[in-house]
1. Could you list, in sequence order, all residues of the range 57-68 that are open to solvent by 30 Å² or more (accessible area, probe 1.4 Å), over 28 Å from residue 1 (Cα atoms) and not hydroxyl-bearing (Ser, Thr, Tyr)?
2. If we keep just the residues of the range 7-56 that are without any contact (Cβ under 8 Å) to a residue 12 or more places away in the chain and outside any helix (DSSP H, G or I), which is most open to solvent (accessible area, probe 1.4 Å)?
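The values are calculated or read from the model by the stated rules, or taken from the named source; none is laboratory data. If you're wondering where the values come from, they're calculated on a predicted model, not measured in any experiment. Ideal geometry is used to build each Cβ from the backbone, glycine not excepted, and the neighbour counts take in all protein chains shown. Accessible surface is based on the protein model in full, side chains and every heavy atom, while ligands, DNA and RNA are left aside. Shrake-Rupley method; radii C 1.70, N 1.55, O 1.52, S 1.80 Å.
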Amino acid sequence: MADAVIVIALLLVAASATAAVAARDPVRQALVLSVLGVVLAILFTVLQAPDVALSQLAVGSALTPLLLLLAVHNVRRRGRKEGPRR
């Protein structure tokens, strides 16, 4: 039973990592990266590493996507302010 749960968690990690790579829009990539962080936290919980799971949940699914979204927002705002370059 435990092996089946680990295999399912690994398949979810592989699927969400593939979705993060396949996404073309930076905002969508950040959101899928957040999902990947949650799935990795689930995998670490299944593998009986709750301290690593909590760290992954805080950093991988909340902080990193937030920083990426803020960076994308700032780049897009500056692009609108400066206008098209020639």
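1. So in the range 57-68, the residues open to solvent by 30 Å² or more (accessible area, probe 1.4 Å) come out as 57-59, 62-64, 66-68.
Of the ones still in play, those that are also over 28 Å from residue 1 (Cα atoms) are 58-59, 62-64, 66-68.
Those that are open to solvent by 30 Å² or more (accessible area, probe 1.4 Å), over 28 Å from residue 1 (Cα atoms) and not hydroxyl-bearing (Ser, Thr, Tyr): 58, 59, 62, 63, 66, 67, 68.
2. First, pick out the residues of the range 7-56 that are without any contact (Cβ under 8 Å) to a residue 12 or more places away in the chain: 7-8, 11, 14-15, 18, 21-25, 28, 45, 48-52, 55.
Among the residues that remain, those that are also outside any helix (DSSP H, G or I) are: 23-25, 48-49.
Details: 23: 10, 24: 212, 25: 62, 48: 160, 49: 24 Å².
The selected residue is 24.
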